[in-house]
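The values are calculated or read from the model by the stated rules, or taken from the named source; none is laboratory data. The structure presented is a predicted model; accordingly, all values stated were derived computationally and were not measured. Here the Cβ is made from the backbone with ideal geometry for all residues, glycine too, and neighbour counts use every protein chain on show.
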Amino acid sequence: MSSSAMSCEGTGWRGRLIAEGANALYLHVPFCVQKCAYCDFASWATPRGDTLLARYAQALGKQVEEASRLGMLDHCETLYVGGGTPSLLGENLGGLLRVVGSCAPELSELTCEANPESLSGTLLDDLVEAGCTRLSMGVQSLCDGELSELGRVHDAARARDRVVAALAHGLNVSCDLMCAIPLQTAESWQSTLEGIVSLGVDHVSVYPLQIEEGTPLGLKVGDEEPAWNSPDVQADRMTQAQAVLEGNGFRRYEVASYARSPQSECRHNKAYWTGKPYLGLGTGAASMLTREGYLRLMEVCPQLGPLPECMSRVRLKVLSSRQEIAEDPQLPSLKFEEEFLTERQAAAEDLMLGARLASGLDAGLVAYARDLLGQSVDETLARLVREGYLSDALAPTEKGWLLGNELYGELWDLADGCETLVRRSS
């Protein structure tokens, strides 16, 4: 069997470094009704009637078709359409899903992000007909005052109504919630958590608010550390979420994500944490490709520079603007930032990412990393167990969950602190 005919499963952990295509596809939709006060994502407030929405969606479809002709989607299993607010695309979102479905024969999980204010019944009908299986809804809070402080467009009643409607359409619904936010108390956070659970969703993701420089919230806060967002409050809120969700039958399977059953877990996000190659299209979108995948993309993208020797993994970020993509959707016209990792760096990165999962570090990955990086792997893991970041099963402990940056940094340092090579395509 040729390498092009193999998926990365069944070939050992190193097989994930030689797959020629992508196991996951991410499409970025950079449009919102308005920017939230805390948001520094690649998204812009855009009127619903702006023709750019349809032209951009059609451009992404053309890029997907081009990637398919290269064979990069032959073994693609999951799709995630994120934003921004993909549901703002309306009927163009269903059309985009249909294009991907026709280009990725092994696709089995199709996730779309949505916000309550733009999720109509007509759109839900169309998404289900187009093959959508999961809906990730940006609820954030079920307290109207908190939503207003965050700059969210919807209110709590609208969020509840749209979650119920999505469930009635047979979708696997996930709700994103945000803690350590303005006006939030332990009591209001408890109310939000219990309210979401009562709606019957099977997946919840919980994130502490990060105050980003240059955002309206960041400018309002300035240099101070507000009490409602202190590290202690963030830890308390995350611990409270764990208690409520696990007490209601959810299981934490990733640092920020809970599911009622393994079937409800987001397979697309797990691909990020388990070393599977993925392709990202749309402004600001990120890809992680193998050498073989990068060389395949180079067949139609002369703007990508030659692959440096001894590099085993390539991370790409699309730098082209949303207008540039809409006006000229061809892959050879995209501008990229390119970051190259050696095999040693890729192994250390996979250990770091794998430490986000409740299942713990995969034994095959640890053995592969040990062969590549030597005894420092066992020494570092033993120290992290002694210091309480990992359990004996090499799964994150409560300390590991709450102090993840320290844990991840220790594992990344196994790459000997070598700098990755970064360049921009012309």
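For the reader, a short list of remarks on this structure follows.
- Look at (1) in contact with a His (Cβ under 9 Å, 6 or more places away or on another chain); (2) part of a helix (DSSP H, G or I) and you find that VAL173 fails only one, number (2).
- Just one of the listed residues (SER120, SER68) is over 29 Å from GLN190 (Cβ atoms), surrounded by fewer than 18 Cβ atoms within 10 Å (Cβ to Cβ), without any contact (Cβ under 8 Å) to a residue 40 or more places away in the chain and in the same structural domain as VAL197 (by TED's automatic domain parsing), and it is SER120.
- Scanning the stretch 196-223 for residues that are touching a residue at least 60 places away in the same chain (Cβ under 8 Å) and over 25 Å from the mean Cα position of the chain (by Cα) turns up just one, LYS220.
- Test result for GLU292, under 18 Å from ASN23 (Cα atoms), among the charged types (D, E, K, R) and modelled with pLDDT under 95: yes
- Options LEU177, LEU147, LEU193; residue that is in contact with a Phe, Trp or Tyr (Cβ under 8 Å, 6 or more places away or on another chain) and either in contact (Cβ under 8 Å) with a residue 60 or more places away in the chain or closer than 26 Å to GLY82 by Cα (or both): LEU177
- Some residue of the stretch 291-311 being crowded, with 21+ Cβ neighbours inside 10 Å, under 29 Å from SER205 (Cα atoms) and not assigned by TED's automatic domain parsing to the domain that holds LYS62: no
- Filter result (of a type outside the set (D, E, K, R) and either part of a loop (DSSP other than H, G, I, E, B) or under 23 Å from ARG16 (Cα atoms) (or both)) within the stretch 82-110: GLY84, THR85, GLY90, VAL100, CYS103, ALA104, PRO105, LEU107, SER108, LEU110
- Of GLU324, GLU265, GLU309, GLU299, all but one fail to be acidic (Asp, Glu) and under 23 Å from GLU419 (Cβ atoms); the exception is GLU309.
- LEU167 being part of a loop (DSSP other than H, G, I, E, B), of a type in the set (A, V, I, L, M, F, W, C) and surrounded by fewer than 23 Cβ atoms within 10 Å (Cβ to Cβ): no
- For the stretch 259-277, the set of residues classified as surrounded by fewer than 22 Cβ atoms within 10 Å (Cβ to Cβ) and touching a helix residue (DSSP H, G or I) at 6+ places or on another chain (Cβ under 8 Å) consists of TYR272, TRP273, THR274, listed by residue number.
- Residue among LEU193, LEU183 that alone is buried (at least 17 other Cβ atoms within 10 Å of the Cβ) and among the aliphatic types (A, V, I, L, M): LEU193
- Complete set of residues in the stretch 31-58 that are part of a helix (DSSP H, G or I), small (Gly, Ala, Ser) and either touching a Leu at 6+ places or on another chain (Cβ under 6 Å) or not assigned by TED's automatic domain parsing to the domain that holds VAL221 (or both): ALA57
For (1) acidic (Asp, Glu); (2) at pLDDT 95 or above; (3) surrounded by fewer than 21 Cβ atoms within 10 Å (Cβ to Cβ); (4) closer than 14 Å to SER87 by Cα, each residue gets a yes or a no:
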{"site": "SER2", "(1), (2), (3), (4)": "no, no, yes, no"}
{"site": "SER7", "(1), (2), (3), (4)": "no, no, yes, no"}
{"site": "GLY21", "(1), (2), (3), (4)": "no, no, no, no"}
{"site": "LEU25", "(1), (2), (3), (4)": "no, yes, no, no"}
{"site": "PHE31", "(1), (2), (3), (4)": "no, yes, no, yes"}
{"site": "LEU53", "(1), (2), (3), (4)": "no, yes, no, yes"}
{"site": "ALA57", "(1), (2), (3), (4)": "no, yes, no, yes"}
{"site": "LYS62", "(1), (2), (3), (4)": "no, yes, yes, no"}
